[in-house]
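Written below as structure tokens is the structure these notes are about.
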Amino acid sequence: VGDSSVDKFLNSSLHVIIETFIKTDRMFFSEKTFKAIEYMQPFVILNREGALSYLKDRGYRTFDRWIDESYDNEPDAQKRLIMVANEVKKFCSMPKEQIADILLEMLPTIEHNYNNLMKNRESLIQKDYSKLIHNLLLL
């Protein structure tokens, strides 16, 4: 899903993702998560417990070298929210020069995530196309 106001991605250093369903039995990711990856932003994510592990299992990398991601293991949603907010505060309170240095260090992770997203997107498009052709042949 594209975004008409790209400037917000160009003028920020950390994407704070607050997913749609935080208290749910199954893992859910909306376009919010994938926009951060597509627009090549490091991120923290408020989702259900284990969201970062879920992304890692699908080939994405997270930012645990620079951000304390222990919030991902917190079962209590309210405590997880506070932990995410504290990590955002910590990141944003760093001097701009330090953030710039960290963003350079993050670049290989950011590029990896972008490439993984594009690969997955192509695979999904191909599956949908194959399913469509199959269904058309059955008509």
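The values are calculated or read from the model by the stated rules, or taken from the named source; none is laboratory data. What you see is a predicted model, and the numbers here were worked out from it, not measured in a lab. FYI the Cβ positions are ideal-geometry reconstructions off the backbone, even for glycines, and counts take in every protein chain you see. Ligands, DNA and RNA are stripped out before the accessible areas are found, and what is left, the full protein with its side chains, is counted by its heavy atoms. Shrake-Rupley method; radii C 1.70, N 1.55, O 1.52, S 1.80 Å.
Along the Cα-to-C-beta direction of Asn86, a point sits 7 Å from the Cα; which residues of segment 47-67 have their amide N less than 20 Å from that point? Within reach of a label on Asn86: 47-53, 63-67. Per residue, segment 1-115 exposes an accessible area of 58 Å² to a 1.4 Å probe, with every protein chain left in place.
Measuring nothing but protein heavy atoms, the accessible surface of segment 23-66 at 1.4 Å probe radius is 41 percent carbon and sulfur.
If a/c stays under 1.5 just call it rounded; otherwise compare a/b with b/c (prolate if a/b is bigger, oblate if not). Do that for segment 42-114, with a ≥ b ≥ c from the square roots of the Cα gyration tensor eigenvalues. Cα axes put segment 42-114 in the oblate bin. The H on the amide N of Ile18, modeled in the peptide plane, is under 5 Å from the matching H of Leu46, each at least 5 residues off or on a different chain. Close amide H pairs (under 5 Å, H built 1.01 Å from N) link Phe43 with His15, residues at least 5 positions away or on another chain. Using R0 = 25 Å, the C-beta based FRET efficiency linking Asp101 and Lys23 works out to 0.10. Largest accessible area first, the listed residues Lys32, Lys79 line up as Lys79, Lys32 when surface is computed with a 1.4 Å probe on the assembled protein chains.
Under 19 Å from a label point set 7 Å out along the Cα-to-Cβ vector of Glu111, the amide N atoms of segment 22-46 belong to 37-43. The shape of segment 75-125 comes out oblate: with a ≥ b ≥ c from the C-alpha gyration tensor, a/c is at least 1.5 while a/b does not beat b/c.
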